[in-house]
1. Pairs LYS75/LYS172; LYS121/LYS172; LYS142/LYS172; LYS51/LYS172: which are spaced more than 30 Å apart, C-alpha to C-alpha?
2. What base-10 log of the normalised intensity I(q)/I(0) is obtained for the chain from the Debye formula, alpha carbons as equal point scatterers, at q = 0.14, 0.16 Å⁻¹?
3. Could you sort LEU93, LEU57 by accessible area so the largest value comes first, with the probe set to 1.4 Å?
4. When averaged across all projection directions, what area in nm² does the alpha-carbon convex hull of the range 65-138 cover?
5. Counting heavy atoms of the protein chains only and a 1.4 Å probe, report the per residue accessible area for the chain as a whole number of Å².
6. So how much accessible area does ASP68 have, in Å² to the nearest 10, using a 1.4 Å probe?
7. What does the charge add up to near GLU131, with Lys and Arg as +1, Asp and Glu as -1, over the other residues with Cβ less than 12 Å from its Cβ?
8. With a 1.4 Å probe and every protein chain kept in, tell me what percent of the accessible surface of the range 22-167 is carbon plus sulfur.
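The values are calculated or read from the model by the stated rules, or taken from the named source; none is laboratory data. Computed from a predicted model, the values in this text were never measured in an experiment. As a convention, Cβ positions derive from the backbone with ideal geometry for all residues, glycine included, and neighbour counts pool all protein chains shown. With ligands, DNA and RNA removed, areas are computed over all heavy atoms of the protein, side chains included. Shrake-Rupley method; radii C 1.70, N 1.55, O 1.52, S 1.80 Å.
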Amino acid sequence: MGRPREFDVDEALDAALAVFWRKGFEGASYADLTQATGVERPALYAAYGNKEELFRLALQRYYERYMDYVPEGLKQPTSYDVAAYILRGAVELCTRYPDHTGCFGVNGALACSDNAEPIRKALIDARASGEAALRTRFERAKAEGDLPDTADSGTLAAYLMAILHGVAVQAKAGFSREVLMAVADQALSTWPSGRHHNV
């Protein structure tokens, strides 16, 4: 007879999330995960399935708990405000925790072997979903006259994603919040404006 579970699955998931955030999917060993969660490997398996399933649950938790600035950003009144809100939110998040800087998704996707292809694909899909939401929002901005007719919504969305990813990589490399906020401001300084833009 198996003994009842003696750990808090939510607390253990949060601890695993921090490990994956710091080390990525492949960099996180079972020893790292069991040490961080205080849960032995068989119990981890029993509670969450395998390492891939644990990572997927952690990714879902990350989006629910830490990425709320993105949907909030999409509600901002102008495309400039959208970009500013999301960029500044990303800088804040990527520098909030000294022991796991950067972005959970970017850290997890940068180095994946063939065995981890499903994880890499899940992270790419999550990123693509975010980019599509930005593109849709910028299309609306064009229709409202907030962006010029010449603006390419897809390119603007890809540009913003590239800056966001750069911020995440540089935060992981030790860049300070102040430097990254200045980078965000520099990116925003060339934001295109339409006929109703007054920034």
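1. With Cα atoms farther than 30 Å apart: LYS142/LYS172.
2. -0.82, -1.00
3. Highest to lowest solvent-accessible surface, that is LEU57, LEU93.
4. Seen from a random direction, the Cα hull of the range 65-138 projects 5.4 nm² on average.
5. For the chain, the per-residue accessible area is 52 Å².
6. About 90 Å², rounded to the nearest 10.
7. +2
8. Looking at the range 22-167 in its full context, I get 53 percent from C and S.
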